[in-house]
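The values are calculated or read from the model by the stated rules, or taken from the named source; none is laboratory data. Bear in mind that the values here come from a model prediction, so they are computed numbers and not experimental data. Neighbour counts run over all protein chains shown; Cβ positions are idealised from the backbone, glycine included. Remember, those area values only see protein heavy atoms, side chains included, never the ligands or the DNA or RNA. Shrake-Rupley method; radii C 1.70, N 1.55, O 1.52, S 1.80 Å.
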Amino acid sequence: MRHANGTSSALRKTAPLLMLAAPGLLYFLINSYIPMFGVFIAFKDVNYAKGIFGSDWIGLDNFQFLFKTTDAWIMTRNTLLYNLAFIVIGTVCSIFIAILMAELLTKLYSKLYLSGLVLPSLISMVVLSMLVFAFLNADSGFVNKSILRPLGLPEINWYSEAKYWPYLLVLIQIWKTAGYGSIVYFASIAGIDKSIYEAAKIDGAGKLRQIRTITLPLLKPTVIVLGLMSIGRILNSDFGLFYQVPLNAGALYSATQTIDTYVYRALMQLNDIGMSAAAGLYQSLVGFVLVLVVNAIVKRVNSENALF
């Protein structure tokens, strides 16, 4: 009887938390776990007349189009390097923004500024692509018309010059996501015991030294956890960023081609969902292995900061 009462009491205490987590759990269940039952599609030659279950098994043939094409090196290199840049630069910018917001004397201002920094993350990539086009249009774009032309500098045809786009894409991604990413770091900083800063201030430590010796070390576990989660998706790319923002310009493929955009273009021509399933499985497996490897390294260096 006591055991039953204890169970019901614990359930009542945790029910609000379970209800709060329910939308997120439902999202992952529908979008991440239920689709796992379709993994076998990656090993089939899908024939709609036969149906998915009746289609022929073809082993690893669906994976060949990712590796035998001449673009295999380009799309893999771009996907990895862009994501590494997003992780490193994005983390630095998010921490920088969070520290600035935390150091504002008025909490109302910090919340107001942080809300403004989050707004870019709410803009869809379709709208963002039009904004970028308004800036970079060769004929009437703001950069050519209002900056380069008045200064007497040669105008640039941005949508045919691939060499500029690695910098542009990183800048656009950081502008869009850094504010949103700073929320977690801002919350972590807010959770640091203020008495630690007061003790450091008494010892004569200035703001910069407090940030270097207190804030940054205490943010390390958060950085590691978020970094591990990002590494798990290092072979996935934001389709809108690499397809819609460059307006699918063929001259830019050397700088904008990633695994996701390549698979989409291949599907538009071949209409083979088996290839798409193979690409998704390949990205997930590599991400899973990388998370295990990096977590093992972190665990060896400092087991308290490891994800599991």
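Only residues that are on the phi > 0 side of the Ramachandran plot and either of a type in the set (A, V, I, L, M, F, W, C) or not in a loop (DSSP other than H, G, I, E, B) (or both) were counted in segment 243-260, giving 1. Scanning segment 215-239 for residues that are open to solvent by 10 Å² or more (accessible area, probe 1.4 Å) and of a type outside the set (A, V, I, L, M, F, W, C) returns PRO217, LYS220, PRO221, THR222, GLY227, SER230, GLY232, ARG233, ASN236, SER237, ASP238. Where the second residue is among the polar types (S, T, N, Q) and in a loop (DSSP other than H, G, I, E, B) and the first is on the phi < 0 side of the Ramachandran plot and lies in segment 225-242, which pairs have Cβ atoms under 6 Å and are six or more apart or on separate chains? Qualifying pairs under 6 Å: SER237/THR258; PHE242/THR258. Condition test on VAL170, is it in a helix (DSSP H, G or I), closer than 30 Å to PHE135 by Cα and out of contact with any Lys or Arg (no Cβ under 9 Å at 6 or more places or on another chain)? Yes. Of the residues VAL132, VAL127, VAL118, the single one that is at pLDDT 90 or above and surrounded by 14 or more Cβ atoms within 10 Å (Cβ to Cβ) is VAL132. Within segment 12-51, the residues that satisfy the criterion of being touching a Gly at 6+ places or on another chain (Cβ under 8 Å) and under 22 Å from GLN283 (Cα atoms) are ILE41, ALA42, PHE43, LYS44, ASP45, VAL46. Can you spot a residue in segment 272-280 that is in contact (Cβ under 8 Å) with a residue 12 or more places away in the chain, within 30 Å of GLU161 (Cβ to Cβ), assigned to a helix (DSSP H, G or I) and touching a helix residue (DSSP H, G or I) at 6+ places or on another chain (Cβ under 8 Å)? Yes, the conditions are met somewhere in segment 272-280. Within segment 9-54, the residues that satisfy the criterion of being under 32 Å from the mean Cα position of the chain (by Cα), open to solvent by less than 100 Å² (accessible area, probe 1.4 Å) and among the hydroxyl-bearing types (Ser, Thr, Tyr) are THR14, SER32.
Any idea how many residues of segment 194-214 are open to solvent by less than 90 Å² (accessible area, probe 1.4 Å), more than 20 Å from ILE97 (Cβ to Cβ) and in a helix (DSSP H, G or I)?
Step one: of segment 194-214, the residues open to solvent by less than 90 Å² (accessible area, probe 1.4 Å) are 195-197, 199-200, 204-206, 210-211, 213-214.
Right, trim to more than 20 Å from ILE97 (Cβ to Cβ) and you get 195-196, 199-200, 204-206, 213.
Next, only the ones that are in a helix (DSSP H, G or I) stay: 195-196, 199-200, 213.
The total comes to 5.
Would you be able to say whether some residue in segment 99-107 is exposed (fewer than 13 other Cβ atoms within 10 Å of the Cβ), modelled with pLDDT under 85, farther than 30 Å from LEU281 by Cβ and of a type outside the set (D, E, K, R)? Taking every residue of segment 99-107 in turn, at least one turns out to be exposed (fewer than 13 other Cβ atoms within 10 Å of the Cβ), modelled with pLDDT under 85, farther than 30 Å from LEU281 by Cβ and of a type outside the set (D, E, K, R).
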